Amino acid sequence: MTSKPLKILAISGSLRDNSFNSAALRTAAELAGDSAQFTFASLSEIPLYDQDLRDQGVPTAVETLQRQVLDADAILFSTPEYNYSVSGVLKNAIDWLSRVDPQPFADKPVAVMSASMSAFGGARAQYDLRRILIYLDAHFVNKPEVMISFAHKKFDDSGALTDADTRKFIGDLLQALVEWQMRLSNGKPPQ
């Protein structure tokens with residue numbers, strides 16, 4: 001019996017059209033080839049969290065994201081760093097998903113990377129994202145850590161990642177995510 005490709009949901013913490021983080025996720029999908037089936041989440045239609053709005057029901061965009069997370073075998077985030085933390089749009093989406101039933105991040109294998117024009121490569125945002133999702137029982141790949149510093153020098157104008165070392169690091173992270181997912185599912189590949 002052959003196993004199906006790992007279903008990975010890619011979530012970018014940036015809404016910007018030419019986002020380095022979204023480009024990093026596209027690079028991951030390219031590197032995965034046939035071994036993974038990538039779906040790209042959209043956070044652009046998710047309203048700001050408001051309990052009054054939640055009391056009226058769960059917005060369609062939130063239900064869509066919840067279903068995507070539940071259907072995925074694993075999640076791959078790429079987040080920019082805003083003011084030493086994750087972007088507001090990413091935190092908002094997580095806040096919504098923490099208040100739906102079932103809460104979709106529970107027991108989900110997760111990996112994170114970040115891209116930034118700074119020398120730190122988004123490290124502080126990654127650590128905050130890990131802290132936020134640990135509370136929601138997500139299971140993070142610990143290593144390798146992929147922090148793409150000086151991202152504006154590593155992607156070309158079309159969004160293609162041109163830095164060979166960074167491409168290798170992303171490939172290594174993907175391999176670690178696949179192995180982590182299999183370990184969490186008792187060594188069984190996705191069916």
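The values are calculated or read from the model by the stated rules, or taken from the named source; none is laboratory data. Model, not experiment: these values are computed from the prediction. In this analysis, Cβ positions are derived from the backbone assuming ideal geometry, glycine residues included, and neighbour counts consider all displayed protein chains.
Structure values in brief
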item	result
Top-ranked residue in the range 99-132 [being of a type in the set (S, T, Y) and assigned to a loop (DSSP other than H, G, I, E, B); ranked as surrounded by the most Cβ atoms within 10 Å (Cβ to Cβ)]	S116
Selection within the range 133-154 - among the aromatic types (F, W, Y) and part of a strand (DSSP E or B)	F140
Residue count for the range 43-71, restricted to those that are of a type in the set (A, V, I, L, M) and in a helix (DSSP H, G or I)	6
Complete set of residues in the range 155-191 that are of a type in the set (D, E), surrounded by 13 or more Cβ atoms within 10 Å (Cβ to Cβ) and in a helix (DSSP H, G or I)	D172, E179
Residues of the range 1-14 that turn out to be modelled with pLDDT of 95 or more and either of a type outside the set (D, E, K, R) or touching a His at 6+ places or on another chain (Cβ under 8 Å) (or both), as a count	7
Output for the range 28-59, where each listed residue is farther than 17 Å from A74 by Cβ, of a type in the set (V, I, T) and within 21 Å of the chain's Cα centre (by Cα)	I46
D71 vs. criteria modelled with pLDDT under 95, under 22 Å from L173 (Cα atoms) and exposed (fewer than 13 other Cβ atoms within 10 Å of the Cβ)	no
